[in-house]
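See structure below.
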Amino acid sequence: MKVFRHTGWMVVRQLRNLMREPIWIALMVIQPLIWLLLYGQLFSRVGALRGGADSYVEFLAPGIICMNAFFGGSWSGMAMISDLDRHVIDRFLAAPASRFAIILSQVVRAGLIAVFQAVLLLVLGLALGVRVHGGLPGWLVVFAASALLAMAFAGFSHGIALLVRKEASMIAAANFVGLPLMFLSAILIPPRQMPHWIEQLSRFNPVNWGVQAARNAIVSGGHWGATGGYLLFLLAATAATSLFATWCFRAYQRSI
Amino acid sequence: MDAIVVEELRKRYKDVQALDGVSFSVREGEVFGLLGPNGAGKSTTVRTLATLTQPDSGRALVAGEDVVRHPNRVRSSIGYVAQDSGVDWEATGRENLMLQGRIHALAGARLRTRVDELLELVGLAEAADRVARGYSGGMKRRLDIAIGLVHRPRVLFLDEPTTGLDPEARAALWVEVERLAAQESLTILLTTHYLEEADRLAERVAIVSRGKIVVEGAPDELKSDLRGELVTVELADVDGGMEDAAQLVQSLADASEVGFDGRLVRARVPNGAQAIPTILSTLDGHGFQVASVTTARPSLDDVYLHYTGRDFATEDEAGKR
């Protein structure tokens, strides 16, 4: 089908372009690893924060994987702004390119990068003593959670990018949404240690859905039913934000 | 058959009526120029024909298909080279072309051959595998044109193809466009705000002003419609007698559209060679010293002034804002 073919070629284009940016590659690899090492040390002596894990690093690893995925997704709309500025999008629009593929390729690209980073983080985690108690299904759940989280936020990010069309506004929007969602989630501390109202609020936070799914897979290696539910929620969120981005793309097309 | 038919196109952006009833048609295989100052509505017209912009009303057919009802059929038969380059800077010239070919459903050996052929055609064969970020302005423009041609379109839109290029690159691109016009059985619609560019490249031009076509025809026809030549007389040492000088010229039988500006008196006459001696002796007889005289055949500038009553350069400057 045309939409998948075009999505494929456009993903290839984006990844190939990124592979030509050595600094981007270095940061993409090093940054999540630094987060895991730094935060892992910071709270390592607070026993109450482990939430049943063997070590704080093990508790933290799924959190950092998800934090990384959703940050990556929230920022991914920057690529759309640069494509708009360079008129690459107009060039595709004047050709019989699949409109949905233009959006979908960006979203898929964000998901692939998040999965790649999740692999790196898990490998570092293993070296630090993290065990994936869910075994192979556990690994797959972690990858699915990070991919879906990144994609859900990439859809949102691209919608905003298409509405504001300016890098500065895009950065402001990503921060405005990103930081609160991080602190309203169980990335750094278990829900039991949260103030009651934050715990309640965190149930509606997509970031938290990813964190809970990944943490079930790594730390407890169980609760598959709940985990599947979280992943389905994330899938629905991804569909919703991708539709939002598509709607914003139509608005862009009408405005030119 | 006409390759492009445009009927009464209208488009309004918030407070600007960009297109105010644009109509024209372009014959197959022709190079047609839309000429007008910045902000006249040229780009909006081309963007509408390239299916990017939805008109508020009116109709446009490109290669026989309606741009609003069957945009995808139109897209398959056009190449669109936008005013602002659509080159992906981080990709190589070849990658840019391969992707565009794939969007047009080309694949395999046919696509690779076509891409090689185009890189050769636009003189980018050696730079093909370098990232486009390092290309010069002229190279990016030529890559843009190659991107527009990858699927052998029937109609090619060139929106301000030489804007922002240095004179050398512009001259090279003119040769390129002339070669395309001759080689491929291609209809080319180009927009420009350079009068000499339209004059040089286009077989027919339509002059656009404030969202309307004011006149349409071959450049030579338009110019000869104006009949006559423009005579400019520069006077030496005048203090305040300019109006008298202009009136003297005006009183001569054949002179029309007489005006003055600084030490220059301008008049339109049917035949410069015949008129100049009379003008000179008349001015001389009334004590005016003439420093120089020039005659010019009408330019598209004059055509623009004649049909819109406005000066092209002034309008162009105003349109940038």
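Read the figures in this text as sums done on the coordinates, not as results from a lab. Values in this document were obtained by computation on a predicted structure and should not be read as measured data. Neighbour counts run over all protein chains shown; Cβ positions are idealised from the backbone, glycine included.
Specify the angular offset, from 0 to 90 degrees and rounded to the nearest 10, of the alpha carbon long axis of helix B:137-149 from the longest principal axis of the alpha carbons in chain B.
60 degrees
Residue by residue through B:144-157, how many Cβ atoms from other chains fall within 10 Å of the Cβ on average?
If you average over the peptide's residues, the count of other-chain Cβ atoms is 1.
About the Cα centre, and with charges only on the beta carbon of Lys, Arg (+1) and Asp, Glu (-1), how big is the dipole of the protein assembly as shown? Nearest 20 debye, please. Can you show the working numbers first?
Numbers: 57 positive and 59 negative charges, 805 e Å.
Magnitude of the dipole: close to 3860 debye.
State the answer as a single residue: which of A:226, A:40, B:215 lies farthest towards the positive end of the charge dipole of the protein assembly as shown, with beta carbon charges of +1 for Lys and Arg and -1 for Asp and Glu, about the Cα centre.
A:226
For the range A:239-249, what does the Karplus curve 6.51 cos²θ - 1.76 cosθ + 1.60, with θ = phi - 60°, yield as ³J(HN,Hα) per residue in whole Hz, taken in order and with x for Gly and Pro?
Taking θ as phi minus 60°, the curve returns 4, 5, 6, 5, 5, 4, 4, 5, 5, 5, 5 Hz for the range A:239-249.
At 222 nm, what helix-only mean residue ellipticity would chain A give, in deg cm²/dmol to the nearest 500, using -39500 (n - 2.57) for each DSSP H run of four or more?
Numbers: 11 runs with 198 residues, N = 256.
After summing the helix terms and dividing by the residues of chain A, the value is -26000 deg cm²/dmol.
Using 7 Å Cα-to-Cβ label points, what is the residue B:28/residue B:68 separation (nm, one decimal)?
About 2.6 nm separates the two model spin labels.
How long are the semi-axes of the equivalent ellipsoid of the range B:2-223, taking √(5λ) for every eigenvalue λ of the Cα gyration tensor, in whole Å from largest down?
Semi-axis lengths for the range B:2-223 are 28, 20, 16 Å.
If you bin every alpha carbon distance in the protein assembly as shown into 10 Å steps from zero, what whole percent lands in each bin?
Over the protein assembly as shown, the share of Cα pairs per 10 Å bin runs 3, 15, 20, 18, 14, 12, 9, 5, 3, 2, 1, 0 percent.
Can you give the mean number of other chain Cβ atoms that lie within 10 Å of the Cβ atoms in peptide B:100-107? Before the final figure, lay out each step's value.
Details: counts 4, 2, 8, 12, 3, 4, 0, 1.
Shielding by partners across B:100-107 averages 4.
Return the ratio Rg/(2.2 N^0.38 Å) for the range A:2-255, where Rg is computed over Cα atoms only.
Dividing the Cα radius of gyration by 2.2 N^0.38 Å gives 1.01.
Would you please put A:181-188, B:14-21, A:19-26, A:52-59 in order of how densely packed they are, using the mean number of other Cβ atoms within 10 angstrom per residue and starting with the highest?
Per-residue mean Cβ counts within 10 Å order the peptides as A:181-188, A:52-59, B:14-21, A:19-26.
Which residue, chosen from A:81, A:49, A:28, occupies the Cα position most advanced towards the positive end of the dipole of the range A:1-103, where the dipole is computed from +1 (Lys, Arg) and -1 (Asp, Glu) charges on Cβ about the Cα centre?
Going by the charge dipole, the pick is A:81.
Per residue of B:42-52, count partner chain C-beta atoms within 10 Å of its C-beta, then hand back the mean as an integer. Walk me through the numbers before you get to the answer.
Numbers: counts 0, 0, 1, 0, 1, 4, 0, 1, 4, 5, 6.
Mean shielding by partner chains, rounded to a whole number: 2.
Residues with amide H under 5 Å of residue B:213's amide H, sequence separation 5 or more or different chain, H placed in the peptide plane at 1.01 Å from N; which?
Amide H neighbours of residue B:213: B:23.
About the Cα centre of the range B:2-223, what is the dipole size in debye to 20, counting +1 per Lys and Arg Cβ and -1 per Asp and Glu Cβ, all else neutral? All intermediate terms of the calculation are to be shown ahead of the outcome.
Working: 30 positive and 34 negative charges, 146 e Å.
So the dipole magnitude of the range B:2-223 works out to roughly 700 debye.
What ranking do B:147-160, B:124-137 get when scored by the average of other Cβ atoms within 10 Å per residue, highest first?
For the peptides B:147-160, B:124-137, the packing ranking is B:147-160, B:124-137.
Using unit Cβ charges (K, R positive; D, E negative) and no other charged atoms, how large, in debye to the nearest 20, is the dipole of chain A about its Cα centre?
540 debye
Run the helix sum for chain B: -39,500 (n - 2.57) per DSSP H stretch of 4+ residues, divided by residue count, reported at 222 nm to the nearest 500 deg cm²/dmol.
Per the formula, -11500 deg cm²/dmol.
So, in chain B, how many Lys pairs have Cα atoms under 30 Å apart, if the pair is 8 or more places apart or on different chains?
Eligible lysine pairs with Cα atoms under 30 Å apart amount to 14.
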